[in-house]
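Down below is the structure, laid out as structure tokens.
The values are calculated or read from the model by the stated rules, or taken from the named source; none is laboratory data. On a predicted model such as this, the values are computed, not experimentally measured, just so you know. Virtual Cβ from ideal backbone geometry, glycine too; neighbours counted across all protein chains shown. We work out accessible area using only protein heavy atoms, side chains counted, and drop any ligands, DNA or RNA first. Shrake-Rupley method; radii C 1.70, N 1.55, O 1.52, S 1.80 Å.
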Amino acid sequence: MNIKQAKEYIKNSVNIYLKKDEFGEYCIPVVRQRPIFLLGAPGIGKTAVMEQIAQEMGIALVSYSMTHHTRQSALGLPFIAHKTYGGQEYDISEYTMSEIIAAIYETMEESGIREGILFLDEINCVSETLAPAMLQFLQYKIFGRHRVPEGWVIVTAGNPPEYNKSVREFDVVTMDRLKVMEVEADYRTWKEYALERHLHGAVLNFLDLKKEYFYHMEITAKGRSYVTARGWEDLSQILQHYEEESLNVDETLVGQYIRNDKIVREFTAYYDLYQKYQKDYRIQEILEGRPTVQAIARAKAAAFDERLSLVGMLLDRMLADMQEVMEQAACLTDTRALLLAVKNTVTEDTRPEQVAAYLEQLVVKKREQMLALDRAGTLSGEDRKKSKKVLLFLEQSRRAVMTGGLGGTANWDGPEQSGAAGGGEKAFAVVRERYEAAVSAMKRDTERVQRELHNLFSFAQEAFAEGNEMLILVTQLTVSSAGAGFIATFGSEDYQRFSQDLMLAQRQSRIQGQIAQLKLE
């Protein structure tokens with residue numbers, strides 16, 4: 001199965017394991033909750049999937065790499081305890097709490113979340129001294145003398161032996177206590193993830209043309225040569241930063257992430273070509289509805305790989321703008337709910353400093369929520385960014401209230417009139433004015449992005465007619481959460497028209513194919 005399918009199976013298993021009966025007891029006893037074992041090549045996204053599951057389910061996540069643990073850190077350290085049995089005193093061996101179990105309790109205490117996933121990576125690479133204890137742990141969820149708390153589901157992961165010399169092959173007794181899921185690298189599935197993370201267009205376009213290079217392992221005269229999904233993602237991030245700093249990208253840089261000489265050479269050459277395409281086609285001018293005659297003519301005459309690169313560059317810019325608008329909308333939605341709570345506390349007797357104090361309370365509460373989710377491992381990158389924007393708005397609004405307005409446009413003149421009737425209402429008007437200004441800015445951005453989308457379809461229709469490039473354009477807008485979310489929220493007549501036309505064309509092709517199979521004369 002691919003990693004996307006594995007994710008759904010894991011979510012279903014976690015839901016079943018956390019299901020309770022009418023008495024509040026877990027329906028499946030701990031001893032029957034088989035830990036999940038993800039077996040797959042390195043770098044295909046096993047850890048990232050666990051983070052996504054925890055975030056989507058609203059439960060905690062504690063992750064450990066078992067290669068870093070000794071018997072002492074996993075099971076606890078021995079110490080001498082004094083006990084009395086039948087009137088006689090004895091010295092016996094006890095053990096401190098396992099570092100892993102202690103991390104679960106700390107996460108529950110700090111986040112307030114009582115259920116979660118304990119993710120143990122590289123479990124088939126444990127040290128020889130720790131291996132015997134793993135059988136007891138996998139069946140009874142016990143490390144040393146301490147049990148994993150109820151409500152915590154165990155998910156493990158490991159690499160096949162061909163990828164890791166440290167792998168210890170599990171015996172049948174151990175494997176019989178696991179739910180084994182063999183995961184394979186799959187570019188189509190990874191690309192959906194890559195679009196969400198806004199990976200560099202050159203990486204995605206290159207892999208669209210060379211899908212066989214997405215995941216590559218071989219033995220060469222120099223040793224093991226490898227290319228992984230993790231390598232492409234890390235390369236994408238460094239490319240974006242290099243471009244921001246106007247630094248040169250060469251084979252030496254690419255080779256630090258892609259460990260195959262042939263693929264390094266081919267990608268570096270493609271990256272240079274990709275940069276040239278960006279300059280030649282003037283992507284921003286196309287989205288602004290001002291494509292040059294030369295750009296249209298070149299697109300019409302271009303080979304498919306160049307057309308595919310052009311579509312990728314246009315989509316990369318388009319989806320980034322769509323994502324920005326969707327983030328603004330999500331931020332304003334959360335902010336509006338908080339401001340309504342402030343508004344409900346404001347009366348004729350409310351003073352401006354009380355409004356500022358309430359805003360400060362919201363800031364403190366929001367920070368505490370962020371910290372709790374972060375400690376639980378359930379705060380996604382998008383939620384972190386959104387929460388920081390909300391916090392910034394609240395803090396700036398509080399300062400605006402304390403200093404008497406926004407650019408002198410508010411009716412309230414300042415703290416010196418805090419005792420005046422309606423001072424609190426006038427202070428809140430400052431906050432409302434800032435919010436309305438942000439809403440107006442978002443509407444302007446939305447209209448701009450809608451125009452860009454219309455211009456994109458107009459250019460694609462003129463340059464590509466209704467060929468495969470148009471199908472790729474519509475498909476990518478559909479599978480991207482930013483594209484699909486923007487179109488669903490704000491609409492696009494162009495998207496609706498072309499998607500319906502292409503669906504009709506696909507249906508006709510299927511019917512023609514079925515007729516051909518009948519071999520009718």
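Whenever a residue of segment 356-377 is touching a residue at least 40 places away in the same chain (Cβ under 8 Å) and open to solvent by 70 Å² or more (accessible area, probe 1.4 Å), its partners that are part of a helix (DSSP H, G or I) and not hydroxyl-bearing (S, T, Y), lying with C-beta atoms within less than 6 angstrom and at least six residues away or across chains, give the pairs R375/E110.
Give the residues of segment 421-448 that are among the polar types (S, T, N, Q) and surrounded by fewer than 16 Cβ atoms within 10 Å (Cβ to Cβ), sorted by residue number.
Keep residues of segment 421-448 that are among the polar types (S, T, N, Q), which gives 440, 446.
S440 - this is the single residue of segment 421-448 that is among the polar types (S, T, N, Q) and surrounded by fewer than 16 Cβ atoms within 10 Å (Cβ to Cβ).
Every condition in (1) at pLDDT 85 or above; (2) over 14 Å from A60 (Cβ atoms); (3) surrounded by fewer than 21 Cβ atoms within 10 Å (Cβ to Cβ) holds for P161 except the one numbered (1).
Looking only at segment 281-305, which residues are of a type in the set (K, R) and open to solvent by 90 Å² or more (accessible area, probe 1.4 Å)?
R282, R290, K300
Selection within segment 263-288: residues that are of a type in the set (V, I, T) and within 21 Å of L319 (Cβ to Cβ). The member of this set that is farthest from the chain's Cα centre (by Cα) is I286. Just for segment 1-59: of the residues that are modelled with pLDDT of 90 or more and among the polar types (S, T, N, Q), which one is surrounded by the most Cβ atoms within 10 Å (Cβ to Cβ)? It comes out as S13. Against the definition (touching a residue at least 40 places away in the same chain (Cβ under 8 Å), outside any helix (DSSP H, G or I) and open to solvent by less than 20 Å² (accessible area, probe 1.4 Å)), how does I154 come out, yes or no? Yes, satisfied.
Check segment 81-99 and report whether any residue there is closer than 30 Å to K11 by Cβ, modelled with pLDDT under 80 and either among the β-branched types (V, I, T) or open to solvent by less than 50 Å² (accessible area, probe 1.4 Å) (or both). Scanning segment 81-99 turns up no residue that is closer than 30 Å to K11 by Cβ, modelled with pLDDT under 80 and either among the β-branched types (V, I, T) or open to solvent by less than 50 Å² (accessible area, probe 1.4 Å) (or both).
Pairing each residue of segment 285-314 that is assigned to a helix (DSSP H, G or I) with any residue that is open to solvent by 20 Å² or more (accessible area, probe 1.4 Å) and of a type in the set (V, I, T), provided the two are 6+ apart or on different chains, yields C-beta distances under 8 Å for E285/T292; L308/I472; V311/I472. The criterion of being open to solvent by 20 Å² or more (accessible area, probe 1.4 Å) and hydroxyl-bearing (S, T, Y) does not hold for T107. Listed by position, the helices (runs of 4 or more DSSP H) contained in segment 1-89 that have at least 1 residues being under 21 Å from A376 (Cβ atoms) and in contact (Cβ under 8 Å) with a residue 40 or more places away in the chain are 3-17, 46-57.
Could you identify the single residue in D321, D383, D316 that is open to solvent by less than 40 Å² (accessible area, probe 1.4 Å), farther than 26 Å from G424 by Cβ and in contact with a Leu (Cβ under 9 Å, 6 or more places away or on another chain)? Every option except D321 fails the conditions.
There is at least one residue in segment 327-340 that is among the acidic types (D, E) and in contact (Cβ under 8 Å) with a residue 40 or more places away in the chain.
Scanning for something open to solvent by 60 Å² or more (accessible area, probe 1.4 Å) and either over 23 Å from E106 (Cβ atoms) or among the hydrophobic types (A, V, I, L, M, F, W, C) (or both), does segment 60-68 turn up at least one residue? No: segment 60-68 contains no residue that is open to solvent by 60 Å² or more (accessible area, probe 1.4 Å) and either over 23 Å from E106 (Cβ atoms) or among the hydrophobic types (A, V, I, L, M, F, W, C) (or both).
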